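Take a look at the structure below.
Each value in this text was obtained by applying a stated rule to the coordinates, not by laboratory testing. Keep in mind that what you see is a predicted model, and the values were worked out from it rather than measured. With ideal geometry, Cβ positions are generated from the backbone for all residues, glycine too; neighbour counts draw on all protein chains shown.
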Amino acid sequence: QVQLVESGGGLVQPGGSLRLSCATSGFSFSGWTMGLYRQAPGQERELVASIVGSRTYTTYADSVKGRFTISRDNAKKTVYLQMNSLKPEDTAVYYCNKNANWFPWGQGTQVTVSS
């Protein structure tokens, strides 16, 4: 059974940092490109960043380039998102999943950027 468990969210002031984690189980983690997604209220879920299984290639949405860094630990079957210089528009529920043919979504972790 596939499990995707996001954690690390919280309330942070603009300019602050958070590190999200997504622990996975139930599938061959190292063989898949993994993505971090977010969904703000009333908006579609969007892909924020992705990383290939070999960790040699990453992609970022234009809105987070230079501020967010995605990484993964294949031994721990976990993907991470380091978020720096956070802005109010980064407020959303953050999820992880494959980059295509999604598994059922986890519960996500709420990130709120507000003063």
Taking R0 as 35 Å, what's the FRET efficiency between SER28 and ALA61 from their Cβ-Cβ distance, rounded to 0.05? 0.85
Amide N proximity, segment 1-44 versus ALA75 label position 7 Å along Cα-to-Cβ, cut-off under 17 Å: 24, 29-31
Cα-only radius of gyration and Dmax that characterise the chain, units Å: 13.2, 41
For an R0 of 35 angstrom, estimate the FRET efficiency from the Cβ-Cβ distance between GLN1 and ASN84 and round to the nearest 0.05. 0.55
Amide H of LYS98: which non-local residues (sequence gap of 5 or more, or other chain) have their own amide H closer than 5 Å, using H built in the peptide plane? GLY35, PHE103
Among the aspartates and glutamates, which have Cα under 14 Å from the Cα of LYS98 when same-chain residues fewer than 8 positions away are ignored? GLU6, GLU46
Check: C-alpha center segment 23-40 vs C-alpha center segment 42-61, spacing in Å is 10
Test item: Cα-centred dipole of the chain, Lys/Arg +1 and Asp/Glu -1 on Cβ, debye: 300
